[in-house]
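Working notes, beginning with the structure itself.
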Protein chains: 2
Amino acid sequence: MFETTVDSAAVRLWEEWPALSTKKRVRRFKQLPRHEADDFFLSLEPREQTTLLLSLPQGEQRLWLRVLAPDDAVDVIQEAPTEERDRLLELFDETTRREVRALLAHSEDDAGGLMNPRFARIRPDMTVGEAIRYLRLQATSVETIYYVYVLDNDQKLQGVVSFRQLFQAAEDKLVHDIMVTDVVTVPEHMDQELVARLFQKYNVLALPVVDEGGKMVGIITFDDIADAIREEATEDIQKIGGVEALEAPYLTIAFRQLLKKRAGWLAALFLGEMLTATAMSHYQNEIASAVVLALFVPLIISSGGNSGSQATTLVIRAIALGEVRLRDWWRVLRREVGAGLGLGLILGSIGLARILLWQAIGGTYGVHFMRIALTVAFSLVGVVLWGSVAGSMLPFVLRRAGFDPASASAPLVATLVDVTGLVIYFTIASIVLRGVLL
Amino acid sequence: MFETTVDSAAVRLWEEWPALSTKKRVRRFKQLPRHEADDFFLSLEPREQTTLLLSLPQGEQRLWLRVLAPDDAVDVIQEAPTEERDRLLELFDETTRREVRALLAHSEDDAGGLMNPRFARIRPDMTVGEAIRYLRLQATSVETIYYVYVLDNDQKLQGVVSFRQLFQAAEDKLVHDIMVTDVVTVPEHMDQELVARLFQKYNVLALPVVDEGGKMVGIITFDDIADAIREEATEDIQKIGGVEALEAPYLTIAFRQLLKKRAGWLAALFLGEMLTATAMSHYQNEIASAVVLALFVPLIISSGGNSGSQATTLVIRAIALGEVRLRDWWRVLRREVGAGLGLGLILGSIGLARILLWQAIGGTYGVHFMRIALTVAFSLVGVVLWGSVAGSMLPFVLRRAGFDPASASAPLVATLVDVTGLVIYFTIASIVLRGVLL
């Protein structure tokens, strides 16, 4: 009776869903008993709700659209092709249509796009008893009755009471006397990332959204925010990996889209990386006289790239979580100079040991093995230090210039560091090996 | 009166907190008015609560510890140095101490470690009126009264009612007749990542945790899960960047720790990357006869690394979100063969165009420019295809072998692809340039 996964047709369908074709999805969905179909439909992602909906006859479309709360309905409308939107809007009842239209005017990623316009409201001059009876009337139409907002006649927010407070207060007390007036509100145009931080900061389950005139227009609940947190993390991860945010599941995004999202960045990085060929052609003579130098090129530039990836990833995430702010750049720089030196010394020592070991075993590097070993070791220190510094500072530079710091992808940093790493390596080589191999 | 950030001493302190020394933090905290200090203390991360607590006199430690719910108290105890834990435990009252000890026995990352053992409970044979009165008694001591669990005399979970349902039902109905018996429960040892997926799947604000015997032991609420989602995303991002999960904010983690978390992976990658030097030494003669080949080494291996980073990042995130499952590896492989070929052709064409252009302008590559250009172009197709395939399959291989797929960091994939990329490049070169330059 109590298992983790309740064994119902809906749950079985949910498990198999990703692997099914649209046609099979529709057929299986129609076979669900009505009460299970309800829950099932609500548990789908908006994108999938839309696809399913558009495959159903118009009468059923109306039925399912009306199951959705206005904020979820908006997501569905936004996923639909432009030419279908007006027709779908017509399927709502008058009130909902007005609400959905108002929400559609908002960006998907701001507070206005996340909020639900249906919230529990009472007036400040009600008694606790009246308020509870009034809430009983609203209970079926609002998302939550657990936070109750106190609005004056102009819809301006005067305060908030939790249902729990009402429930524990004496029946004849006035709402005005028990409400909390010190309310944290969200402006309707606030970005969802900042909204998520407010929830974290104040440890609340819901926040009211107000327009510029101070009128309360909706409520954002914790579950809206969890989706937002997940979405933002996905976008950041994809950007760090050097892909434009997909904005759709990997397996369902159209192949053309998948290619487009990746080709742009990859081609840009490739153009940047071409500078390595230019840089290396400057050292063509050095390579011709000491081919051994070429052998260590991949090792050295990739070490710079890897330390740069580490630094940039740590800093991007710390900025996203609000742990590091723009003005902390100096503290980050100091840490990274230290970390870069430390890591460079570690890799430099391993590199030195490796060359000396190979030399001892096979005489691989000839009589000048010591100078070669030192060239590689010094270059590693320089390149890893530079990688850590460049990787950690790039997100600050991007944020300062108005871009998303997450665009400082690991591949971008690696590319930057590759070109400069070559210059560091061959410069050190020309100093250490001058008059000997060069 | 209603702004986003309420202008209080607590909020000002919250803003400045990260930049303050521990000494200043304690002084400023003590200056807060009592009711603001309460909220402030609760809004801190467990790590910071612990540091603050340990800097206060014992009497105040008791006071602040008792402000915490048992699940939050556990986090604080876990952050404290081992030798302080028993002393801190002694500061709780008898009941809480027992609860905290029970929770401490759980891993931080499983359901038992996230749950709050205080939840609203009623018996199935109560009437709705009795249940509501009984809840009024519990309202101050439980985390939420909005989900009410129906337990029999053996503490076994029989069903659940939302407060809203109770509130709308007739007073003389029996709880037994209105409760939902089809309850999704969380086993106490379930990992937090799976718990987070259950919340997403069933769209609920709270889930009951049961032990192996079916006894209900606690409740997990949505806000616990939001923290878990954020934490998991941070760990994944850091692993993708090639760093062990820091488990502490970037600016506050001890420098030694920061170095340790990065040095391990960086050194391992370096050892792997050493194979590039070995691989290249096999082609030393080819490089000596055609130095021009060396010029394109960074360009070619980095293209493989970048396409591999893209593929691995996309697949890791899709697995973490549950969009892609182990058995989908074949569908992913097919997509990546397509994407790798497409992207390889794009980069190959750019590379070909670049060499032909330079040749037309400066005659850079001598009489055999066409063969060189073709070598580079074919190698790019091969390396990018291989990068996409290797990058996308590695997370599956790791998961299959029982590791975290996120360990397939972008740098690890780049390193793998670097070595094989060199082999691909020089093999193609030896075919295309045989008898001409080689």
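The values are calculated or read from the model by the stated rules, or taken from the named source; none is laboratory data. All values derive from a computational prediction rather than experimental measurement. Cβ coordinates were reconstructed from backbone atoms using ideal geometry, including for glycine residues, and neighbour counts include every protein chain displayed. SASA here: full protein model, heavy atoms, side chains in, ligands and nucleic acids out. Shrake-Rupley method; radii C 1.70, N 1.55, O 1.52, S 1.80 Å.
Structure notes:
- Residues located in the stretch A:84-114, provided they are touching a helix residue (DSSP H, G or I) at 6+ places or on another chain (Cβ under 6 Å), in a helix (DSSP H, G or I) and of a type in the set (Gly, Ala, Ser): A:Ala111
- The stretch B:106-137, residues that are open to solvent by less than 20 Å² (accessible area, probe 1.4 Å) and under 25 Å from A:Phe163 (Cα atoms): B:Met115, B:Asn116, B:Phe119, B:Ala120, B:Ile122, B:Met126, B:Val128, B:Gly129, B:Ala131, B:Leu135
- Across the stretch B:77-92, not a single residue is classified as closer than 28 Å to A:Arg197 by Cβ and basic (Lys, Arg).
- Test: B:Ala414 is surrounded by fewer than 23 Cβ atoms within 10 Å (Cβ to Cβ) and assigned to a helix (DSSP H, G or I): no
- Test: residue in the stretch A:193-204 that is hydrophobic (A, V, I, L, M, F, W, C), open to solvent by less than 60 Å² (accessible area, probe 1.4 Å) and over 26 Å from B:Ala228 (Cβ atoms): no
- Qualifying positions in the stretch B:302-331 - buried (at least 24 other Cβ atoms within 10 Å of the Cβ) and more than 22 Å from the chain's Cα centre (by Cα): B:Ser302, B:Ser303, B:Gly304, B:Gly305, B:Asn306, B:Ser307
- Residue check, A:Met179 open to solvent by 20 Å² or more (accessible area, probe 1.4 Å) and within 12 Å of another protein chain (Cβ to nearest Cβ): no
- Across the stretch A:41-83, the number of residues qualifying as in a helix (DSSP H, G or I) and under 20 Å from A:Ala248 (Cα atoms) comes to 22.
- Any hit, the stretch A:389-399, residues being open to solvent by 20 Å² or more (accessible area, probe 1.4 Å), in contact (Cβ under 8 Å) with a residue 12 or more places away in the chain and not aliphatic (A, V, I, L, M): yes
- The stretch A:227-296 holds helices (runs of 4 or more DSSP H) entirely within its bounds, and those carrying 1 or more residues that are of a type in the set (D, E, K, R) map to A:255-282, A:284-289.
- Residue list for the stretch A:205-253, restricted to those being of a type in the set (Gly, Ala, Ser) and touching a helix residue (DSSP H, G or I) at 6+ places or on another chain (Cβ under 9 Å): A:Ala206, A:Gly218, A:Ala226, A:Ala228, A:Ala233, A:Gly241, A:Gly242, A:Ala245, A:Ala248
- For B:Leu347, the criteria (1) over 15 Å from A:Glu273 (Cβ atoms); (2) surrounded by 15 or more Cβ atoms within 10 Å (Cβ to Cβ) hold in every case but one, which is (1).
- Among residues of the stretch A:253-275, those that are open to solvent by 50 Å² or more (accessible area, probe 1.4 Å) and at the interface with another protein chain (Cβ under 8 Å from one of its Cβ atoms), counted: 3
- Restricting the stretch A:333-365 to residues that are part of a loop (DSSP other than H, G, I, E, B) and within 12 Å of chain B (Cβ to nearest Cβ), the residue that is modelled with the lowest pLDDT: A:Thr364
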